[in-house]
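Contents: one structure, followed by commentary.
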Amino acid sequence: MLEVGTKAPAFTLPDKDGNLVSLSDYLGKKVVLYFYPRDNTPGCTRQAVAFAERFGAFEEKNAVVIGVSKDSAASHLKFAEKNHLPFVLLSDPDHRVLEAYGVWQEKKLYGKVSMGVVRSTYLIDEQGVIEKVMPKVKPDTNAAELLAYLEAAR
C-alpha cells in the first residue's frame with residue numbers, strides 16, 4: 001500500500017463506456033479512488049450502492065468517486081446500469097494500476113492462495129497527493145467512513 005503524503009501514481013484507464021480517463025483529469029478536486037474485487041458480487045455491490053447513495057454529498061465536498069477493478073468495461077457498464085451508479089468505473093484487466101497502488105495482493109480463501117484485489121480506498125487531494133489510505137475496508141461502511149472524514153476535515 002502507498003503512504004499518505006506520496007504522489008498518487010498517474011494512470012489512464014478505460015471507463016464503462018470505453019472512454020479513457022486519467023487521474024490528472026481531476027486535478028483541483030479530491031478523488032475517492034476505491035479498488036474492489038469484482039462487479040456483481042454481494043460485497044462489491046453493497047459498497048458501490050453505498051457510494052452511489054452518498055454521491056451528492058461527495059460532490060458537495062468537491063470530491064469525485066472512482067471505482068477500479070480488473071473487470072472489463074462491458075462488465076462495468078452492466079454493473080453501473082443495474083445498480084444506477086452515477087460515478088466512474090475503470091477497467092484494469094492487466095492489473096497495472098492495481099499493482100501501482102499496492103492492492104493486487106496474495107489472498108487466502110479456504111486454504112487456497114491466489115492473487116486478487118484487496119478492497120482498499122485512497123483519498124487523493126486536489127494536487128494529486130495521497131491524503132488518506134484505507135486498507136482492507138468493509139464494503140458496508142467504507143463510503144460513510146470516508147464521508148465522515150471529509151466532513152471532519154472541513
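The values are calculated or read from the model by the stated rules, or taken from the named source; none is laboratory data. If you're wondering where the values come from, they're calculated on a predicted model, not measured in any experiment. In this analysis, Cβ positions are derived from the backbone assuming ideal geometry, glycine residues included, and neighbour counts consider all displayed protein chains. Heads up: the accessible areas ignore ligands, DNA and RNA and are worked out on the full protein's heavy atoms, side chains in. Shrake-Rupley method; radii C 1.70, N 1.55, O 1.52, S 1.80 Å.
Pop out the carbon and sulfur fraction of the accessible area of the chain as a percent, whole number, probe 1.4 Å.
Carbon plus sulfur share of accessible area: 52 percent.
Over the stretch 1-116, average the accessible area per residue using a 1.4 Å probe and give it in Å², no decimals.
It amounts to 52 Å² per residue over the stretch 1-116.
How much of the DSSP bridge set in the stretch 45-154 is antiparallel, in percent, rounded to the nearest 5?
Antiparallel bridges: around 70 percent, rounded to the nearest 5.
Mind scanning LYS16/LYS132; LYS61/LYS82; LYS61/LYS112; LYS7/LYS112; LYS30/LYS108; LYS7/LYS61 and naming the pairs with a C-alpha gap bigger than 31 Å?
Distance filter (> 31 Å) returns LYS61/LYS112; LYS7/LYS112; LYS30/LYS108.
Between GLU145 and LYS7, what is the spin-label point distance in nm, taking each point 7 Å from the Cα along the Cα→C-beta axis?
Spacing of the two 7 Å Cα→Cβ label points: 2.9 nm.
Taking the Cα centroid of the stretch 100-116 and of the stretch 118-154, what is the distance between the two, rounded to the nearest whole Å?
One Cα centre to the other: 21 Å.
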